[in-house]
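Report on the structure given below.
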Amino acid sequence: MTTDQMILFGLFAAVFALLIWGRFRYDLVAFGALLTGVVLGVVPTDMAFSGFGHPATIVVALVLIVSAGLVRSGAVFLITRTMVDSSRRLGTHIALMGGIGAVLSAFMNNVAALALLMPVDIQTARKADRPPGLSLMPLSFATILGGMVTLIGTPPNIIIASIRQQSLGESFSMFDFAPVGGIAALAGLIFVALIGWRLIPDRGKTYATAADLQQYIAELTVPDDSDLIGKRVGELDSEAEKSDVAILGLIRDGRRRYGRSANAMLREGDSLVIDATPDALDEFRSALNLAFSDRDREKKLTADAEGLEVVEAVVPDDALIAGRTAMGIGLAWRQSSVLLGISRKGTRINEQVRRTEIQPGDILLLLCPKGRAPDVIDWLGCLPLAQRGLNVTANDKTWLSIGIFGAAVAAASFGLLYLPIALGIVVTAYVLTRILPVTEIYEHVEWPVIVLLGSMIPLGAALEESGGTQLIANALTDLTAGMPAWVILTVLMVVTMTLSDVLNNTATAIVAAPVGIQMAKTLDVSPDPFLMAVAVAASSAFLTPIGHKNNTLILGPGGYRFGDYWRMGLPLEILVIAVSIPSILIFWPL
């Protein structure tokens with residue numbers, strides 16, 4: 001083993017260890033490893049940032065922007081709002097949602113597909129009075145499975161196609177992954193819908209909702225003969241604390257007084273803006289002999305002259321607030337919003353929540369100015385759990401966005417346009433037709449993933465140039481010497497799946513794809529079946545909540561524990577291998 005190989009293996013070992021540890025963000029780890037490789041001389045200086053211009057990196061960024069355009073135009077909710085019904089049996093619901101999720105994931109980023117469907121699934125679970133944990137994991141797995149079917153369905157497929165082009169001079173086309181990936185996805189969906197969901201532990205209704213923490217915001221009116229007349233609003237704080245309610249402000253003569261109005265003297269007819277559960281609200285009303293306001297007055301609740309709304313959001317691992325507190329990022333003074341509660345793996349945290357460090361997978365209950373909730377959630381880097389409204393599907397650009405995207409996919413599929421060019425045209429058309437504002441397009445790019453790709457691609461190329469991938473391939477080839485082809489492919493898939501369950505699937509594909517090519521060269525057979533095996537295996541991260549971002553996103557909303565995933569994930573991974581190996585040997589013979 002050469003010095004360069006030892007350094008590169010050491011760097012990859014350090015990257016894997018740090019990613020498994022999870023103390024530092026994966027983009028920082030990857031970029032740090034790249035810079036270290038350049039300083040140590042194992043990555044050429046002129047190639048240090050070549051990964052950021054790599055076709056795989058560009059395609060991933062463009063797919064994210066295109067996904068945002070499809071969301072903004074209402075193209076996705078056009079499907080879900082007409083097909084989802086809470087009265088269906090759980091198995092039927094899982095099959096339907098899984099099918100929708102898989103189809104969407106085949107043509108858009110699978111994380112984006114889950115982000116779109118997760119609020120629909122949770123709301124359906126609430127209407128059906130069942131725990132969302134019974135259907136969220138099947139939905140997550142379905143969106144991961146659907147990404148296997150096409151070139152743009154998941155980053156590993158894009159990376160593997162690019163590596164094939166570099167090594168063999170030709171990339172995979174849009175639907176080359178469909179025969180193997182489609183069979184694996186279909187088998188996986190059938191298993192999830194019929195058997196898999198029954199293996200998930202039923203932990204009850206573990207999600208936190210506005211009904212659980214703060215049922216509503218209401219007014220309590222000061223009657224004409226009240227003893228409170230002449231007292232200051234701030235003097236009611238002790239009673240409010242006993243009743244566990246929050247006094248948000250004061251309405252007088254139909255107008256909201258500035259701020260909380262703690263020093264304002266109460267008059268008859270004044271209305272206190274109260275945030276509380278029903279029981280606490282009634283206790284406070286009875287203790288102070290206040291009166292309920294009628295429904296017509298409720299719309300006068302205001303904050304910043306626009307009203308208040310309670311929303312829920314889930315925290316991904318790259319959110320602004322992840323690892324920080326609401327007080328630390330200035331949520332109150334920057335966004336005029338309040339963090340009311342936290343749900344963490346089924347356990348609510350509602351005491352001193354503003355001082356609690358937020359973790360990926362947490363659910364946040366936020367009190368925001370009316371109409372500002374989407375902006376606040378985007379600023380936090382979170383994903384909404386409450387639907388933002390179905391009126392977006394009435395947008396007159398829905399079919400235009402679908403048509404533009406469909407034409408681009410067709411052009412790329414028939415070889416008329418290079419895929420990055422086709423997607424670039426879609427993004428440009430979305431901006432010109434105002435489907436996506438030009439000021440927002442960069443906000444939809446998941447920059448940590450871009451940095452991860454841009455950093456790992458040069459490291460992977462350096463490992464291949466140094467002969468490191470050849471060493472790994474030789475070790476696997478020696479291990480399987482004399483064994484049938486299906487055994488060799490199975491070993492490669494098991495090794496790749498194991499890496500993908502504990503690492504980012506993108507990093508796994510970057511390392512495993514060159515190994516597959518080297519194994520094929522050593523055996524003097526076609527590399528395509530090995531690349532297909534890596535593609536399916538890299539996407540099959542079903543054992544842990546850290547192997548795929550979709551699994552992380554459902555951790556809090558579903559009330560799952562770390563050890564819940566393998567119950568359905570392990571038999572699913574075994575099934576994927578069992579159906580993929582014969583499919584590979586049939587459609588991509590050695």
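The values are calculated or read from the model by the stated rules, or taken from the named source; none is laboratory data. Keep in mind that what you see is a predicted model, and the values were worked out from it rather than measured. Here the Cβ is made from the backbone with ideal geometry for all residues, glycine too, and neighbour counts use every protein chain on show. What goes into the accessible areas is simple: the full protein's heavy atoms, side chains included, and nothing from ligands, DNA or RNA. Shrake-Rupley method; radii C 1.70, N 1.55, O 1.52, S 1.80 Å.
Among the residues of region 166-187, which ones are modelled with pLDDT of 90 or more and assigned to a helix (DSSP H, G or I)?
178, 179, 180, 181, 182, 183, 184, 185, 186, 187
Taking the condition of being closer than 30 Å to residue 61 by Cβ and polar (S, T, N, Q), how many residues in region 441-488 meet it?
So the first thing to find is which residues in region 441-488 are closer than 30 Å to residue 61 by Cβ, and the list is 441-466, 468-469, 472.
This time we only want the ones that are polar (S, T, N, Q), so: 455, 466, 469.
Of the residues in that region, 3 qualify.
Mind checking which helices (runs of 4 or more DSSP H) fall wholly inside region 389-502 and carry at least 2 residues that are within 27 Å of the chain's Cα centre (by Cα)?
On the way: elements: 398-413, 419-432, 447-465, 468-479, 485-502.
Passing ranges, in order: 398-413, 419-432, 447-465, 485-502.
Go through the residues of region 252-264 one by one and say whether even a single one is modelled with pLDDT of 80 or more, surrounded by 12 or more Cβ atoms within 10 Å (Cβ to Cβ) and closer than 16 Å to residue 287 by Cα.
Pass one, region 252-264, residues modelled with pLDDT of 80 or more: 252, 263-264.
Applying the additional criterion that residues be surrounded by 12 or more Cβ atoms within 10 Å (Cβ to Cβ) yields 252, 264.
From the residues that got through so far, the ones that are closer than 16 Å to residue 287 by Cα too are none.
Checking region 252-264: not a single residue is modelled with pLDDT of 80 or more, surrounded by 12 or more Cβ atoms within 10 Å (Cβ to Cβ) and closer than 16 Å to residue 287 by Cα.
Kindly indicate which of 519, 532, 493, 497 is touching an Asp or Glu at 6+ places or on another chain (Cβ under 8 Å), closer than 26 Å to residue 188 by Cβ and not charged (D, E, K, R). Steps first, please.
On the way: 519 fails: touching an Asp or Glu at 6+ places or on another chain (Cβ under 8 Å); 532 fails: touching an Asp or Glu at 6+ places or on another chain (Cβ under 8 Å); 493 fails: touching an Asp or Glu at 6+ places or on another chain (Cβ under 8 Å).
Checking each option against the conditions leaves just 497.
Of all the residues that make up region 378-398, how many are among the hydrophobic types (A, V, I, L, M, F, W, C) and at pLDDT 85 or above?
The first filter runs over region 378-398 and keeps only residues among the hydrophobic types (A, V, I, L, M, F, W, C), leaving 379-380, 382-383, 385-386, 390, 392, 394.
Subset that is at pLDDT 85 or above: 379-380, 382.
Qualifying residue count for the region: 3.
Scan 588, 486 and give me the residue that is of a type in the set (A, V, I, L, M, F, W, C), over 26 Å from residue 17 (Cα atoms) and surrounded by 17 or more Cβ atoms within 10 Å (Cβ to Cβ). Step through it out loud before you land on a result.
Working: 486 fails: surrounded by 17 or more Cβ atoms within 10 Å (Cβ to Cβ).
The conditions single out 588.
If you check 242, 299, 231, which single one turns out to be modelled with pLDDT under 80, open to solvent by 20 Å² or more (accessible area, probe 1.4 Å), over 38 Å from the mean Cα position of the chain (by Cα) and charged (D, E, K, R)? Don't jump to the end; show me each part of the working.
On the way: 299 fails: over 38 Å from the mean Cα position of the chain (by Cα); 231 fails: modelled with pLDDT under 80.
After applying the criteria, what remains is 242.
Can you name every residue in region 366-377 that is at pLDDT below 75 and surrounded by 14 or more Cβ atoms within 10 Å (Cβ to Cβ)?
In the first step, residues of region 366-377 are kept if they are at pLDDT below 75; the result is 367, 370-371.
Answer for region 366-377, where residues must be at pLDDT below 75 and surrounded by 14 or more Cβ atoms within 10 Å (Cβ to Cβ): 367, 370.
Which condition number does residue 544 fail, the rest of (1) open to solvent by 50 Å² or more (accessible area, probe 1.4 Å); (2) at pLDDT below 85; (3) within 29 Å of the chain's Cα centre (by Cα) being met?
Evaluating residue 544 over (1) open to solvent by 50 Å² or more (accessible area, probe 1.4 Å); (2) at pLDDT below 85; (3) within 29 Å of the chain's Cα centre (by Cα) leaves (1) as the failure.
Would you check if there is a residue in region 562-580 being open to solvent by 10 Å² or more (accessible area, probe 1.4 Å), touching a residue at least 40 places away in the same chain (Cβ under 8 Å) and under 18 Å from residue 314 (Cβ atoms)?
There is no residue in region 562-580 that is open to solvent by 10 Å² or more (accessible area, probe 1.4 Å), touching a residue at least 40 places away in the same chain (Cβ under 8 Å) and under 18 Å from residue 314 (Cβ atoms).
One residue is enough: does region 60-68 have a residue meeting the conditions farther than 29 Å from residue 419 by Cα and either modelled with pLDDT of 85 or more or not in a loop (DSSP other than H, G, I, E, B) (or both)? It would help to see each step written out before you state the result.
At the first step, the residues of region 60-68 found to be farther than 29 Å from residue 419 by Cα are none.
No; the residues of region 60-68 include none that is farther than 29 Å from residue 419 by Cα and either modelled with pLDDT of 85 or more or not in a loop (DSSP other than H, G, I, E, B) (or both).
Starting from region 33-50, keep only residues that are touching a residue at least 40 places away in the same chain (Cβ under 8 Å), then list their pairs with residues that are surrounded by 14 or more Cβ atoms within 10 Å (Cβ to Cβ) and among the small types (Gly, Ala, Ser) whose Cβ atoms are within a distance under 6 Å, requiring at least 6 positions of separation or different chains.
34/455; 42/462; 43/37; 43/462
Under 7 Å between Cβ atoms, which residue pairs at least 6 apart in sequence (or on different chains) link something in region 106-132 that is under 22 Å from residue 72 (Cα atoms) with a partner that is among the aromatic types (Phe, Trp, Tyr)?
From residues that are under 22 Å from residue 72 (Cα atoms), the pairs are 122/207.
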